[in-house]
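Peer 1: Please see the structure below; I have some questions.
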There are 4 protein chains.
Amino acid sequence: MQRDVSAHLDIGIAAPTTLEFQVAAARQPGLELNESLVFELDGRTIWPQEISGPHGSRIHKFDSGTGNLQVHYRATVLGTAHPEPVSDYDLALYLRPSRFAESDKLFGFAAAEFDSAAAPAELAAAVTAWARRRIRYIAGSSDPTDGAVETLLSGAGVCRDYTHLIVALLRALKVPARMVAVYAPGLFPMDFHAVAEAYVDGMWRAFDATGLAPRSSLVRIATGRDASDAAFMDNHGGEVFVNNIWVNAIIEGFLPFDNGVDPVSIV
Amino acid sequence: MQRDVSAHLDIGIAAPTTLEFQVAAARQPGLELNESLVFELDGRTIWPQEISGPHGSRIHKFDSGTGNLQVHYRATVLGTAHPEPVSDYDLALYLRPSRFAESDKLFGFAAAEFDSAAAPAELAAAVTAWARRRIRYIAGSSDPTDGAVETLLSGAGVCRDYTHLIVALLRALKVPARMVAVYAPGLFPMDFHAVAEAYVDGMWRAFDATGLAPRSSLVRIATGRDASDAAFMDNHGGEVFVNNIWVNAIIEGFLPFDNGVDPVSIV
Amino acid sequence: MQRDVSAHLDIGIAAPTTLEFQVAAARQPGLELNESLVFELDGRTIWPQEISGPHGSRIHKFDSGTGNLQVHYRATVLGTAHPEPVSDYDLALYLRPSRFAESDKLFGFAAAEFDSAAAPAELAAAVTAWARRRIRYIAGSSDPTDGAVETLLSGAGVCRDYTHLIVALLRALKVPARMVAVYAPGLFPMDFHAVAEAYVDGMWRAFDATGLAPRSSLVRIATGRDASDAAFMDNHGGEVFVNNIWVNAIIEGFLPFDNGVDPVSIV
Amino acid sequence: MQRDVSAHLDIGIAAPTTLEFQVAAARQPGLELNESLVFELDGRTIWPQEISGPHGSRIHKFDSGTGNLQVHYRATVLGTAHPEPVSDYDLALYLRPSRFAESDKLFGFAAAEFDSAAAPAELAAAVTAWARRRIRYIAGSSDPTDGAVETLLSGAGVCRDYTHLIVALLRALKVPARMVAVYAPGLFPMDFHAVAEAYVDGMWRAFDATGLAPRSSLVRIATGRDASDAAFMDNHGGEVFVNNIWVNAIIEGFLPFDNGVDPVSIV
C-alpha cells in the first residue's frame, strides 16, 4: 500500500512563543516513511526539536519569534503498520476519564442507553452507530474547550467531537478507548481527521461515526487520551493565528471500500 | 376535598442571618386554608414578614440570631383550587432557560430524542415516561447546584431532579414548563415533593416522573422556574444546618388513584 | 430630557417559527414614549401581540412563515422615569441564582475575593471595579450559553457577560441584582447594551463595568434575572439568522458625564 | 532515611468487578522497598497482576467476585529516590489540560491573577500561596467529578482539590505540572495525600498548598496528569463500597521541618 500525505499550514505569530506540532505520520514497524518537514518563519528555516511520544507519535517543538510561519509536511507512506503489542498499562490508561472524554460523568447515561453486558465489540459498534444517528456533522459547531458532554447535549460537532463522544461512552462502559489523529484518504472536504480506537477482541480497532473516510487507509499521526494529546498544534505563550490549512491524503490505486461495520485496524 | 398538611423543621443557626421560608400552601381562589405558622428561636416567637409571590405563593422572611429554630406549619386545606387564568407573560417566561432547567443546552439532545412535531400533550407524556425509565430515584445522589444536565448525565436523582429534567426538555421542545413544590398525600417516604407543570391543551397540567404520589391531591406551595424559586428555605448570610424535617400530608377518605397518564391539574 | 432611540433588524427565517422581540422602551411613569414598531415579512406587515412584562417591559410576539423579516423600531423618549416602588418580592427574586448568573456556584469565590461585611453600595462598587479590571472586552469571545462562571474563567466577554458576572457576584454577596437591557446614548460602537442593577441604599442603581456609556441617559428596555429575560429576540421553533442589526440612541444636547462611581439610577 | 508506610482497606464488593489499586510505593532508583501486599476476599488470598506504569508506579489489578475485600500493604522504604531524568515528552505531556486540571479553561483567569512573565519557580510559589489563602480545607466538600474549576469557584476542598487547582493554574501559565499521590509522614489526620509537582529550575519540585506534611519525607506512590492517574482504587464494573481506610506513614527519627517555601523534591 502506498499513501501520500501532506499538510501545509500558514500561521501568523503575533508574539514570541513556543510551538509544538504533531503533523508527521507516526513511526511504526512495517511502515516506510519518506518524508520532509520544513518550518519557515518569514522565509528563514527553523530547526525543531523532535520529541518521541507513545505509539510512534512525534512532536516537533521550537521557540518562535513573531512573523509568518509556513509549515510544509509531505510523506510517502509505504507498507502497512504492524499492530503495536498491546500493553497492559495502556488498557488501564485508556479506561480513565480525560479532559475531553469525561467518562466519569457519563456512567449513568451510558448504562441507561446501552447494554452494559454486551461484548466490547458489540458495544463499540452500538456506540458508533448511536453517535452517527444522534450527532449532526456541522463545521464550526463546537469550541476547543468542548468535550463529550457538550457534544452529547448539543447533538452537533465535527470529527473531534464524534470521537470524544465514542471514546467517553466506551470508557464508561468499561471498554478501553482512545483518540487517533489521522490523515484520511478519501475524506471530503479534505482536512485533518480523527477517529476512535477501542480495544475489542484483543486488538485496537478503529471506529468512525462520521463515516467520512475508509478506515483501512488511514495514516496514524498521534494517539492519545483525547484531543489534548492529538492536536496538530500546541501553542505555549504568544498569540497565534491559523490563517490557512491545506491537507492532502491519497492512496495509490482505488480507495478501499469500508462498510463502516466490519472490524478494521489502522495500519 | 379536605387535605391536612404540616411541616416541622428543626434548624441550627450558627451565625446571624436572614431566612426565607416557602412552606405555606399557596393562596388560591377556591381553597380555604385554616393554618398556623410559628417560628421559634430558642423558644422565643419570631414574627416574620409575609411576602406574596406569583401563583399564590408566600414567602415568610425574617432576620434571625444564632440558636435553634423551630418551624411549625399546619394547615387544613378545604375545597379545590380554581385554575389560575393563563397569562401570556407566563407562557413566555416558562419557555426561557433557568438556573436548574438549562433548556438552552438541551436543544440538540431533545430534538434527537423526541419528536419535535408532536403535540405538547404528547411531548409532555413522552418526556415524563422517558425520565421515569431513564432516571433512578436515589436519595442523596444529587447536589444543590445540580440541574437538568447533571441529572441527564448521571441518570440518578430525587423529585427535584426529575422535575428539572422534564421542565428543561419540555422547554427545549417549545412547551412552557415550570416547577411546583407541593405537599403530596400518599408520598412515601413522606417529605416535601416537587413536580413539573406543563402548558398543554390550554391548561397547566402536572407531570411527575417519580410516580410517587397521586397528582390530583397535591397541595401547591410555590411555583416557579425551578428550585431557585421553589425552595422551602433560602438562607442569606450565616451558616445554617437543617437538623431535621418532618412533613405530613393526608387526604380525608381514600387516596385518589393516578394512572400517571391521564391529564391532571393541581387543585 | 429627550432621547431618540431606534433599532432596525434584518432577519432571515428559514423555517416557520414563533418569535418574541423585546426592543421597545419600557413603559414607565414619568416617561412619554412617541414610538413606532413595524414588522414586515417579505414586505407584508405583521401585527404582533404585545405582552406586558414586569418593570414596564413589553414583548412583541407573532408566528412567522419563512422569508426576510424587517423590524423597525423608533421612539422619542421624553422626560425621566419615576423610580418603580421597590417590591419585597423583587428583593427576594433578584437574590436567587439564575441561568446565566449562577450565584450559587460563586459563594466561595465571592467570599474569598470581597469583604462580605461591607455595605451593599460598597460591594457593588467593588465588584464593578473588579470586573472592569479583570475582564477584557472582546467582541465574539462568548457564546449564548455562557454565564458568569465562564466569564470569570475566560476573563473576556461583552456587555452581557460583564453584567452577568456583576449580578452573580453581588447575589452571592447577598445584594439583590438584576440585568437591564438598554439603549445607550454615547455607546461606541453603537449596539444594544446591558448593565446591572443592584439594590443599594434603598434604591435600584445601575452598574456598568464596561464604562462604555453614561448611565444617566440609558433607556430601559427589559429588566430581569439575566439574559434569559432580557434578550432582544427569542426564537421558538424554526431556524433564524440575524443578518444585521442597526441600533441608534442619542440624547438631545450634551451627553451627560459619568465618572462611573457616583450612584446613578436608570431614568 | 527510613520511612515505614502502610495502608489497610476494607471494601465491600456487591457485584463482580475488576479492580485496580495504586497503593504500593513507586519503584525508583535509590530506594529500597521491603514490602508486602496482600489482597483477601472473604479470607481467600487473591493474586493480582502487577502492571508497571510511568515514574515507577505500579498498578495491582484483578477480577473479584462479591464479598468483603481486605487490602494490606506495608513497606519499609530505605534511602532516597534519585531524581528521574527529565523527559522532553513529559514536559509536553504535563502542559496539556487534563480531566481534573482543565488548564484550557483557566487561561484568562490565570493571566489576570498572576504575572505570566515571572519565572516558573516564582509562579509555582505564587500559585501555591494563593491556593493556600483562597481555598479552605473542608473534608467532604468536593465530589469525585470535581476538578480545578469547581475548586476555584467553591473555595473549598481537600488535598486532591488543592493539587488540581495548582496544577491547572500552572499549566495555564505554561509551567509543566502534575499530581503525585503520596504517603505523608506527619499528616494529620493521617490519610492518603496528594501534592503537585511542577517543573522549575530544571527539576520537578513538590508544592503543597495544604501545608499539612513536610515535603521532604513524602513517599511517592503514583504520578500523573491528575486524580484520574493517581487514584488509590479504580473500579471497573460492579458496585463497590469503601468501608474503611487506615493509612500510616512514619519516618525514623524526627519529622523534617518544612517552611513550605524552599524548593523541595520528592525523594
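Peer 1: Can you tell me the 0 to 90 degree angle between the C-alpha axis of helix B:159-172 and the longest principal axis of chain B, rounded to 10?
Peer 2: The angle comes out at about 40 degrees.
Peer 1: Quick one: grab the alpha carbon gyration tensor of the stretch C:201-262, order the square roots of its eigenvalues as a ≥ b ≥ c, and give me rounded if a/c is under 1.5, else prolate or oblate depending on whether a/b is larger than b/c. Write out the running numbers ahead of the final one.
Peer 2: On the way: a/c = 2.90, a/b = 1.60, b/c = 1.81.
Verdict is oblate for the stretch C:201-262.
Peer 1: Okay, next question. How much of the accessible area of the stretch B:88-228, in percent, comes from carbon and sulfur atoms when a 1.4 Å probe is used?
Peer 2: On the way: 2290 of 4100 Å².
Percent of accessible area from carbon and sulfur atoms in the stretch B:88-228: 56.
Peer 1: Using the Kirkwood formula over every pair of different C-alpha atoms, what hydrodynamic radius in Å results for chain A?
Peer 2: Numbers: mean 1/r = 0.0531 Å⁻¹.
Computed over Cα pairs of chain A, the Kirkwood hydrodynamic radius comes out at 18.8 Å.
Peer 1: Roughly what would the spin-label model give for C:Asn244 and B:Leu91, points 7 Å off Cα along C-beta, in nm?
Peer 2: Inter-label distance under the simple model: 3.4 nm.
Peer 1: I need the shape label for the stretch C:116-191. Rule: rounded when a/c is under 1.5, else prolate if a/b > b/c, else oblate, with a, b, c from the alpha carbon gyration tensor.
Peer 2: Details: a/c = 1.88, a/b = 1.43, b/c = 1.31.
Because a/c hits 1.5 or more and a/b exceeds b/c, the stretch C:116-191 counts as prolate.
Peer 1: Starting from the Cα of D:Lys61, draw a straight line to each of the lysines and keep only those under 26 Å, dropping any in the same chain fewer than 8 residues away.
Peer 2: A:Lys105, A:Lys174
Peer 1: Which FRET efficiency value, to the nearest 0.05, do you get for B:Glu252 and B:Thr45 by plugging their Cβ-Cβ distance into 1/(1 + (r/R0)^6) with R0 = 25 Å?
Peer 2: On the way: r = 30 Å, r/R0 = 1.22.
The computed FRET efficiency comes out at 0.25.
Peer 1: Give the distance, in whole Å, between the Cα centre of the stretch C:85-101 and the Cα centre of the stretch D:13-52.
Peer 2: What the calculation gives is 55 Å, centre to centre.
Peer 1: Looking at the protein assembly as shown, I'd like the Rg to Rh ratio, where Rg is from alpha-carbon atoms and Rh is Kirkwood's inverse mean 1/r. The partial results should precede the final answer.
Peer 2: Working: Rg = 30.5 Å, Rh = 31.4 Å.
Value, to two decimals: 0.97.
Peer 1: Can I ask one more? Okay, helix-only estimate at 222 nm for the protein assembly as shown: each DSSP H run of n ≥ 4 adds -39500 (n - 2.57), divide by all residues, round to 500 deg cm²/dmol; what do you get?
Peer 2: Working: 24 runs with 212 residues, N = 1068.
Computed ellipticity for the protein assembly as shown at 222 nm equals -5500 deg cm²/dmol.
Peer 1: Here's something else I'd like to know. Excluding C:Lys61 itself, calculate the net charge of residues whose Cβ lies under 11 Å from the Cβ of C:Lys61, where each Lys or Arg counts +1 and each Asp or Glu counts -1.
Peer 2: Numbers: positive: C:Arg58; negative: B:Asp88, C:Glu20, C:Glu50, C:Asp63, C:Asp234.
Cβ neighbours under 11 Å give a net charge of -4.
Peer 1: So, one more: Work out from phi, with θ = phi - 60° and the Karplus expression 6.51 cos²θ - 1.76 cosθ + 1.60, the ³J(HN,Hα) of each residue of the stretch C:23-29, listed in order in whole Hz, and give x for Gly and Pro.
Peer 2: Once θ is set to phi - 60°, the couplings for the stretch C:23-29 become 10, 7, 4, 5, 7, 9, x Hz.
Peer 1: Using Cα centres only, tell me the gap between the stretch A:123-169 and the stretch D:189-232 in whole Å.
Peer 2: 35 Å
Peer 1: If you take the accessible area of D alone, add that of A alone, and subtract the area of the pair, what total do you get in Å², probe 1.4 Å, to the nearest 100?
Peer 2: Details: alone 12010 and 11990 Å², together 21550 Å².
Summed over both sides, the interface buries about 2500 Å².
Peer 1: Also, quick follow-up: Give the percent of DSSP beta bridges with both residues in the stretch D:88-228 that are antiparallel, rounded to the nearest 5. Write out the running numbers ahead of the final one.
Peer 2: Details: 17 of 19 bridges.
Around 90 percent of the beta bridges assigned by DSSP in the stretch D:88-228 are antiparallel ones.
Peer 1: Continuing with this model, one more query. By the scheme Lys and Arg +1, Asp and Glu -1, what is the net charge of all other residues having a beta-carbon under 14 Å from that of D:Val38?
Peer 2: -3
Peer 1: Okay, moving on. Just which residues of the stretch D:79-108 lose 20 Å² or more accessible area with every protein chain there, against their chain alone, with the probe set to 1.4 Å?
Peer 2: Checking the loss per residue gives D:Asp88, D:Tyr89, D:Ala92, D:Leu95, D:Arg96, D:Pro97, D:Arg99, D:Asp104, D:Lys105, D:Gly108.
Peer 1: Tell me, what is the FRET efficiency for A:Ala118 and A:Leu78 to the nearest 0.05, using R0 = 51 angstrom and their Cβ-Cβ distance as r? All intermediate terms of the calculation are to be shown ahead of the outcome.
Peer 2: Values: r = 38 Å, r/R0 = 0.75.
In this case the efficiency is close to 0.85.
Peer 1: Now for a different question. Counting Lys and Arg as +1 and Asp and Glu as -1, what is the net charge of the other residues whose Cβ lies under 15 Å from the Cβ of C:Pro185?
Peer 2: That works out to -1.
Peer 1: Mind pulling the angle between the C-alpha long axis of helix A:120-134 and the longest principal axis of chain A? Nearest 10 degrees, somewhere in 0 to 90.
Peer 2: Long axis of A:120-134 versus the principal axis of chain A: about 70 degrees.
Peer 1: Give the accessible surface of the protein assembly as shown per residue, rounded to a whole number of Å², with probe radius 1.4 Å and ligands, DNA and RNA excluded.
Peer 2: Numbers: 40760 Å² over 1068 residues.
Value for the protein assembly as shown: 38 Å² per residue.
The values are calculated or read from the model by the stated rules, or taken from the named source; none is laboratory data. In this text, all values refer to a predicted model and were calculated from it rather than measured experimentally. Glycine gets a Cβ as well: all are built from the backbone with ideal geometry, and neighbour counts include every protein chain shown. What goes into the accessible areas is simple: the full protein's heavy atoms, side chains included, and nothing from ligands, DNA or RNA. Shrake-Rupley method; radii C 1.70, N 1.55, O 1.52, S 1.80 Å.
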